[in-house]
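**Student:** Would you mind keeping the following structure in view while I ask a few things?
Throughout, read-outs are computed from the coordinates displayed, never taken from laboratory work. Remember, it's a predicted structure, so these values are computed and weren't measured experimentally. Here the Cβ is made from the backbone with ideal geometry for all residues, glycine too, and neighbour counts use every protein chain on show.
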Amino acid sequence: MNGTVTILKKELKGFYFNPTFWIICFLLSLVFSWVFPIQLNLFAQLLTNYVMQQGVPQNQLNIHYGVFIRELSYLNLMLIFMVPALTMKLFSEEKKVRTFDLLLTSPVTSFEIVMGKYIAAMGAVMGLIFIGFLYPAATSVIAKINWLPLLIAFLGIFLVASVYTAMNLFCSSLTEQGIVAYVSSVVMNVSIWFIGIGSEVVDSEAGRKFFEHISFSSHLSAMGEGTIRTGAIIFFISLAGLFVFLTERVVESARWR
Amino acid sequence: MIEIKDLTKDYGTRRAISNLNFSVKKGDVVGFLGPNGAGKSTTMKIITGFMAPSSGTASVAGFDVFENPIEVKKRIGYLPEIPPVYADMYVHDYLTYVAALKQVPKADIPKMVARAIEKTNLGDVQKRLIHHLSKGFKQRVGIAQAIVSDPEVLILDEPTVGLDPKQVAEIRELIKSLKGQHTIVLSTHILPEVQATCEKIIIINKGTIVAQDSIQNLATMEKGQSRLHVRLRKDVSDMKAILSGISSVVGITEGASAKEWQIDIQGGEDVVDSISALMVNKGFGLIELSPKKMDLEDVFLKLTYGESQHGG
């Protein structure tokens, strides 16, 4: 595991000492600084005159549903486009400038290489999620919030982001072109949300169940509401594991192709 | 140290190398010679464990490169054709990273990095971004990267490409200084480089080995044939008629003038005796009679570009 730690340190430095990462962080906080106060303001207006409005769902009167879950869905949207920006270079660039030769002729296994890069990318993604977390956390100064559901909701988005990272790392390992890695990553990140739609078109009960089980939105919305579901956790972790494994296979294939 | 047996590598339907067999002893400096596309880089990539052969085996220090790649890689320093440097890293940081990657014990890393920097004369640029270095410096960083872990085996793929003549000389000196403690395999298509640094050469063409021997043996090859250079005071118009009595003479070519001749002979030194005696007795005024080695360039061209152009 020495190799993993070495690569992890190098890549993590590559993220945090690189202006690109900070520009992404800046853009993310710019969007949130615009959207979050507006969201909060709308929620406050709703609270002051909800008696006069008819048919407002009960849960919308809770700040968790009214503000935080919406913020999480924006964060999710941002991650769909930002995670690929972070991961696209991890393998494609190495292949392009031939530093991949160095990794493959060093005494490290393919698994160590992939894990080093994956954990480093997760470290960067965690930075983005942390920025997202700052806004609800800051709200605690002016409102009473329930911390545990909030943390579980962020755990959910973290798990989804770990799936994005694994998928996008896989995309990066397939190509030498950073831009190809980016576009294919975004396409994958977006399309994975449409898998669940299948449950509306199949007739059989088993088929419907199957699609519900592999639907991203149902798993994430459960965690967003603050319930820990082992099914969701196992689903996300195994999906991330699958793509890490596939990436490892691609890297290893360079040895025998 | 390095054992190659029946090594074959196919890229799709194209056979890059076929049935290579050679071995390199510990401490040897071996030059790997061949025209472009002969399979030099492919062979080196297989030795480093970068890719697997289609068939055959390669082993380094007793470890098979395919069965036990990690052990092999611990013992190898490799400089690919394109130096594997990260443009966005500082030279010193980069070498530290490579040393850690090569599993140099943590306590030794600063010492090893300093040594590699000193040996490749990178002291002035060690605090600079690799991105800002010239091609020659990048190449030197590549070499520093290969030697930073003090490996037993050094595989250098065209180490002096892109360097200016002074740096080329420096790198040759460096390779010479590493001789003995390290086993070095270097590929090149620059012949003087091999002559300057290697003890043994392997000439490879179209994926097969066409010759492997020490430089001296290769240069005097051709099964006992050798060439005499004769310089005379007087013009001789028909050397062929004069030497017709000596059966061991196989070829005569006129040099720059009728005063200079190249005589190819077959056999030992007694032939030289009779030729010189003949020259003196006829009163041609023998000034010089010297054995001339075929130089490596002749051997190389003959072996790689075929007999059709005979002798190159």
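**Student:** Report, in debye and to the nearest 20, how large the dipole of the protein assembly as shown comes out about its Cα centre when Lys and Arg carry +1 and Asp and Glu carry -1 on their Cβ. All intermediate terms of the calculation are to be shown ahead of the outcome.
**Tutor:** On the way: 54 positive and 51 negative charges, 155 e Å.
About 740 debye.
**Student:** Once phi is turned into ³J(HN,Hα) by the Karplus curve 6.51 cos²θ - 1.76 cosθ + 1.60 with θ = phi - 60°, what whole-Hz value does each residue of the range B:124-136 show in order, with x for glycine and proline?
**Tutor:** Per residue, the Karplus-derived 3J(HN,Hα) values read 6, 10, 5, 9, 9, 5, 4, 3, 8, 8, 6, 4, x Hz.
**Student:** Given only helices, namely DSSP H runs of n ≥ 4 each adding -39500 (n - 2.57), what is the per-residue ellipticity at 222 nm of chain A, to the nearest 500 deg cm²/dmol? Show your work: numbers first, answer last.
**Tutor:** Details: 11 runs with 199 residues, N = 257.
Here the helix-only value at 222 nm equals -26000 deg cm²/dmol.
**Student:** Based on the Cβ-Cβ distance from B:N68 to B:S23, what FRET efficiency comes out when R0 is 25 Å, to the nearest 0.05?
**Tutor:** Numbers: r = 18 Å, r/R0 = 0.72.
After rounding to 0.05, the efficiency reads 0.90.
**Student:** How far apart, in nm, are two points set 7 Å out from the Cα along the Cα-to-Cβ line at B:S247 and at B:A169?
**Tutor:** 5.2 nm
**Student:** In the structure shown, do any of A:K13/B:K176; A:K89/B:K106; B:K26/B:K302; B:K73/B:K179; A:K96/B:K138; A:K13/A:K89 have a Cα-Cα gap over 26 Å, and if so which?
**Tutor:** On the way: A:K13/B:K176 37 Å; A:K89/B:K106 28 Å; B:K26/B:K302 30 Å; B:K73/B:K179 20 Å; A:K96/B:K138 16 Å; A:K13/A:K89 14 Å.
In this structure, A:K13/B:K176; A:K89/B:K106; B:K26/B:K302 exceed 26 Å between Cα atoms.
**Student:** A further question follows. I need the calculated FRET efficiency for the pair A:S204 and A:I233, taking r as the beta carbon distance and R₀ as 41 Å, to the nearest 0.05.
**Tutor:** Working: r = 27 Å, r/R0 = 0.67.
Calculated value: 0.90.
**Student:** Related question: Could you work out the relative contact order of chain A? I mean the mean sequence separation of Cα pairs under 8 Å and 6+ apart, divided by the number of residues, in percent.
**Tutor:** Working: 278 pairs, mean separation 66.9, N = 257.
That works out to 26 percent.
**Student:** Have a look at the DSSP beta bridges in the protein assembly as shown and tell me what percent are antiparallel, nearest 5. Spell out each step's value before the answer.
**Tutor:** Working: 39 of 58 bridges.
Bridges in the protein assembly as shown that DSSP calls antiparallel: roughly 65 percent.
**Student:** Going by Cα centres, the range A:79-116 and the range B:130-205 are how many Å apart?
**Tutor:** The two parts, judged by their Cα centres, are 27 Å apart.
**Student:** Now, a different point. List the residues whose amide H sits under 5 Å from the amide H of B:D10, counting only those 5 or more places along or on another chain, with H placed 1.01 Å from N in the peptide plane.
**Tutor:** For B:D10, the qualifying residues are B:A16, B:S54.
**Student:** OK, next. Of the peptides B:43-54, A:54-65, how do they stack up when ordered by the mean number of other Cβ atoms within 10 Å, highest first? Each step should come with its number before you reach the end.
**Tutor:** On the way: B:43-54: 23.2, A:54-65: 12.4.
For the peptides B:43-54, A:54-65, the packing ranking is B:43-54, A:54-65.
**Student:** Across the residues of B:74-84, average count of Cβ atoms on other protein chains within 10 Å? Write down the numbers at each step before the final one.
**Tutor:** Details: counts 2, 1, 3, 1, 5, 3, 7, 2, 4, 5, 11.
Taking all residues of B:74-84 together, the mean is 4.
**Student:** Additional query: Could you order the peptides B:150-156, B:129-135, A:182-188, B:28-34 from most to least packed, using the average number of other C-beta atoms within 10 Å per residue? Provide the component values of the computation, followed by the final result.
**Tutor:** Details: B:150-156: 21.0, B:129-135: 14.3, A:182-188: 18.9, B:28-34: 24.6.
Descending packing order for the listed peptides: B:28-34, B:150-156, A:182-188, B:129-135.
**Student:** Pull up all non-local amide H partners of B:Y78: gap of 5 or more, or a different chain, and H-to-H distance under 5 Å with H placed in the peptide plane.
**Tutor:** For B:Y78, the qualifying residues are B:I155.
**Student:** Calculate the mean, over all residues of peptide A:93-104, of how many other protein chain Cβ atoms lie within 10 angstrom of the residue's Cβ.
**Tutor:** Values: counts 3, 2, 0, 0, 6, 6, 9, 3, 11, 16, 3, 10.
Taking the mean over all residues of the peptide, I get 6.
**Student:** What angle, in degrees between 0 and 90 and rounded to the nearest 10, separates the Cα long axis of helix B:109-119 from the longest principal axis of the Cα atoms of chain B?
**Tutor:** The two axes meet at around 30 degrees.
**Student:** I'd like the FRET efficiency for B:L129 and A:H213, computed as 1/(1 + (r/R0)^6) with the beta carbon distance as r and R0 of 41 Å, rounded to 0.05.
**Tutor:** The computed FRET efficiency comes out at 0.25.
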